[in-house]
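Please read the structure below before turning to the comments.
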Amino acid sequence: MIAATLFLGFGVLLAAGVPVGICLGLAGAFAIWLADQSIMAMPTNVYAGIAKYPLIAIPMFVLVGCVFERTGVALRLVRFASAIVGAGRGALASVAVLVAMVLGGITGSGPANSAAVGQVMTKAMVEDGYPRPFIASTVGAAAATDILIPPSIAFIVYAVLVPGVSVPAIFAAGMIPGVLAGLFIIGAVVAISIVKDFGGKARQTEALRVWQTFKEAIWGLMAPVVILGGMRIGIFTPTEAAVVAVFFGLFVGFVVYRSLTLRDVYEMLVEAGEISAVILIVVALATVFAWSTSTLGIVRPIAEWVVGLGFGSAGTLALLTLFLIIVGMFLDGISIFLILLPILLPIAATFGWDLTWFGVVLTMMIAIGQFTPPMAVNLMVSCRIAGVPMESTIPWVTWMVLAMTAAAACVMAVPDIAMWLPRAMGLS
């Protein structure tokens, strides 16, 4: 009865429009009170939820995204990718996906990635003959690769919550699946563009030369190399890598591109502080929810029920895939991890799944939910920039959902797609 009250209370509060973090904290506290447990342990659990060293990286990676969004990196990446891909049907759509993948190695936030790519690509794609709903679908889907290609805030939270999973290992494990997801999306948008004759309509006002545009974009391309390369060779930890990336971005903005001012720095600090505060408040209050499920003994019966359905390893994974895609339509990845990991980890242990690989699979499911209507956060941003209602994207975004689901199925069927790189790097 109390378990039902816990989840029902959370659902009612969420439906009423209460912020996710508050929903988690209130539902967990109410369940603990109903069970006549010690409510005074709640402040300690809230503090313990965020008193973890790896979480320091979150505000820094958020700030990195803000810095690079304002330096003009996205525009230079677009010019470089356009020079490589050229013109024609599906060319600019492919460029949008490629740029989103590179920015995914910088920003760590899907909605921020969607906004940056959408602002740069929408006008050019409209002039090149792409319909606005298709543009919004492409940008929203491409931005979802952000939480797979490191640095990923979702991966950091997962590694903090799951014993035995390190941040560098899951960063490395997400790299190839993230690229694979991007390639599958490119395949979908190019196929649609060829069939529907999208793209290749704008006049070429200038010939973009690969070497010239590469020199302009090199600083943006180096950011993921600095972040991941420094961690790989042991110069700094993931948390220190985030700080280094901030100073690298400021150097690019002030010295190389000269596109930043001191006022920009103030505004970026405020923006990053607000976003980080929201994330960490959700983490802290979700700890109360997770603590209540553990204290009340809710986790084990649910996990045993799922295992007891008799679907086996593959069937259970397929069931979880469908469930997580649906949940991902309504909640962000961090909230999903905090709510569901206490239930999902015992299931993973029962079937002997590698927890690093499992984290990548879960994140791919969450990424699909981020651009699947009706509550897709990435798609909301791209639709707002493109000036179209979300329902108009359904004919196009459906194919991209199927494409990324196919990429996730490949990772599920062949775990080495995710695990080869961390093994090769000596991280797993």
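The values are calculated or read from the model by the stated rules, or taken from the named source; none is laboratory data. Every value quoted in this text rests on a predicted model; they were computed, and no experiment measured them. Counting neighbours? That spans all protein chains shown, and the Cβs are built from the backbone with ideal geometry, glycine included. Note: accessible area is taken over every heavy atom of the protein model, side chains too, but ligands, DNA and RNA are not part of it. Shrake-Rupley method; radii C 1.70, N 1.55, O 1.52, S 1.80 Å.
Candidates Leu402, Leu427: the one that is outside any helix (DSSP H, G or I), open to solvent by 40 Å² or more (accessible area, probe 1.4 Å) and out of contact with any His (no Cβ under 6 Å at 6 or more places or on another chain) is Leu427. Screening Val78, Val46, Val99 for residues that are part of a helix (DSSP H, G or I), in contact with a helix residue (DSSP H, G or I) (Cβ under 8 Å, 6 or more places away or on another chain), open to solvent by less than 10 Å² (accessible area, probe 1.4 Å) and of a type outside the set (Asp, Glu) leaves exactly one candidate, Val99. Taking the criterion of being under 18 Å from Ala74 (Cβ atoms) and either within 24 Å of the chain's Cα centre (by Cα) or not in a loop (DSSP other than H, G, I, E, B) (or both), the residues of region 255-274 that qualify are Val256, Asp264, Glu267, Met268, Glu271, Ala272.
A quick yes/no check of all residues on (1) open to solvent by 20 Å² or more (accessible area, probe 1.4 Å); (2) in contact (Cβ under 8 Å) with a residue 60 or more places away in the chain:
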position: Arg258; (1), (2): yes, no
position: Arg263; (1), (2): yes, no
position: Leu269; (1), (2): yes, yes
position: Ala272; (1), (2): no, yes
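Within region 190-225, the set of residues being closer than 30 Å to Val160 by Cα and either open to solvent by 40 Å² or more (accessible area, probe 1.4 Å) or at pLDDT below 75 (or both) comprises Leu221, Met222, Val225.
Residues that are open to solvent by less than 10 Å² (accessible area, probe 1.4 Å) and more than 19 Å from the chain's Cα centre (by Cα) were ranked within region 113-129; the one that is modelled with the lowest pLDDT is Met121. The sole residue among Val377, Val414, Val381 that is open to solvent by 30 Å² or more (accessible area, probe 1.4 Å) and within 18 Å of Ser137 (Cβ to Cβ) is Val377.
Screening region 5-33 for residues that are open to solvent by 60 Å² or more (accessible area, probe 1.4 Å) and part of a helix (DSSP H, G or I) and picking the one that is farthest from Ser335 (Cα to Cα) gives Trp33. Per the conditions (1) touching a Pro at 6+ places or on another chain (Cβ under 7 Å); (2) within 27 Å of Gly28 (Cα to Cα); (3) open to solvent by 10 Å² or more (accessible area, probe 1.4 Å), the sole criterion not satisfied by Glu304 is (1). Filtering Thr293, Thr237 for residues that are open to solvent by 30 Å² or more (accessible area, probe 1.4 Å), closer than 30 Å to Gly21 by Cα and touching a Pro at 6+ places or on another chain (Cβ under 9 Å) leaves a single hit, Thr237.
For the residues Phe248, Phe254, the requirement of being closer than 30 Å to Pro422 by Cβ and aromatic (Phe, Trp, Tyr) singles out Phe248. Across region 49-62, the qualifying residues are those that are in contact (Cβ under 8 Å) with a residue 60 or more places away in the chain and open to solvent by 20 Å² or more (accessible area, probe 1.4 Å), and the one among them that is farthest from Val288 (Cα to Cα) is Met60.
No other residue among Ala51, Ala100, Ala93, Ala41 is aliphatic (A, V, I, L, M) and closer than 23 Å to Val252 by Cα apart from Ala100. Give the residues of region 160-184 that are crowded, with 23+ Cβ neighbours inside 10 Å, within 19 Å of Ala424 (Cβ to Cβ) and of a type in the set (Gly, Ala, Ser), sorted by residue number. Once the filter is applied, which keeps residues that are crowded, with 23+ Cβ neighbours inside 10 Å, within 19 Å of Ala424 (Cβ to Cβ) and of a type in the set (Gly, Ala, Ser), region 160-184 yields Ala169, Ala172, Ala173, Gly174, Gly178.
Can you name the number of the only condition in (1) closer than 24 Å to Val73 by Cβ; (2) open to solvent by 10 Å² or more (accessible area, probe 1.4 Å) that Gly249 fails? The one condition Gly249 does not meet is (2). Taking the criterion of being closer than 20 Å to Ser166 by Cα, open to solvent by 50 Å² or more (accessible area, probe 1.4 Å), at pLDDT below 90 and assigned to a helix (DSSP H, G or I), would at least one residue in region 348-369 satisfy it? Looking through region 348-369, at least one residue is closer than 20 Å to Ser166 by Cα, open to solvent by 50 Å² or more (accessible area, probe 1.4 Å), at pLDDT below 90 and assigned to a helix (DSSP H, G or I). If the condition is being touching a residue at least 60 places away in the same chain (Cβ under 8 Å) and of a type in the set (Gly, Ala, Ser), then region 397-418 contributes Ala403, Ala406, Ala407, Ala408, Ala418. Comparison of Leu421, Leu322, Leu331, Leu341 shows that the only residue that is touching a residue at least 60 places away in the same chain (Cβ under 8 Å) and either in contact with a Lys or Arg (Cβ under 7 Å, 6 or more places away or on another chain) or open to solvent by 30 Å² or more (accessible area, probe 1.4 Å) (or both) is Leu421. Hey, does region 384-394 have a residue that's crowded, with 22+ Cβ neighbours inside 10 Å and within 19 Å of the chain's Cα centre (by Cα)? No.
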